[in-house]
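What follows is calculated from the coordinates using simple rules that are stated; it is not laboratory data. Quick caveat, the model's predicted, so the values are computed rather than measured. Quick reminder, even Gly has a Cβ in these numbers, built from the backbone with ideal geometry, and neighbours come from all protein chains shown.
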Amino acid sequence: MSLLDQAMPNTPSAIKRLKQSVKRRMHNRIAKKIIKTYMKRTLASVAAKEFEKAEADFRAATAKIDKAGARRVLHPNTAARRKSKLARDYKAAVAKAQPTA
């Protein structure tokens, strides 16, 4: 059941704005979900000791976070905070997964 089924506005401009907001909301939710998926995938790759894949996922995740912050899908400070946390967690996970020689 979509938002358009529940509350249909009366004026044509309000109908258009509702359609736009629904479309934007879906786009933003997908972008946020992709970021979360890449962050989880990065840490999972490190845990599985697939360091090349983890590095690629880490770079992809930071790029997606940067782009979301620039496009205001995320607030720029939130994007910076998430990127910082990912970098911290990634570095710690790599240090933990590396064999100590």
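Extension gain for residue 78-residue 33 works out to 14.7 nm (0.36 nm per residue, less the C-alpha to C-alpha distance). Checked against a 32 Å cut-off, the cross-linked pairs 32/53; 19/53; 16/40; 16/85; 23/85 give Cα-Cα distances beyond that limit for 19/53; 16/40; 16/85. Amide H contacts under 5 Å for residue 74: 69, restricted to partners 5 or more places along the chain or on a different chain, H placed in the peptide plane at 1.01 Å from N.
Relative to the longest principal axis of the chain, what angle (0 to 90°, nearest 10) does the C-alpha long axis of helix 12-47 take? So the inclination is approximately 10 degrees. In plain terms, the bigger the Kirkwood radius, the slower the diffusion; for the stretch 49-101, with that radius from Cα pairs, at 37 °C and 0.692 mPa s, Stokes-Einstein puts D at 276 µm²/s. The long axis of helix 76-97 is offset from the longest Cα principal axis of the chain by roughly 30 degrees. Against the chain, whose longest principal axis comes from its Cα atoms, helix 51-70 is set at around 30 degrees.
Mind checking the log10 I(q)/I(0) for the chain at q = 0.15, 0.22, 0.23, 0.24 Å⁻¹? Debye, one equal scatterer per Cα, no solvent, two decimals. Relative scattering, expressed as log10 I(q)/I(0), comes to -0.68, -1.03, -1.09, -1.14. Using r as the Cβ-Cβ distance of residue 44 and residue 20, and R0 as 30 Å, what FRET efficiency do you calculate, to the nearest 0.05? FRET efficiency, residue 44 to residue 20: 0.25.
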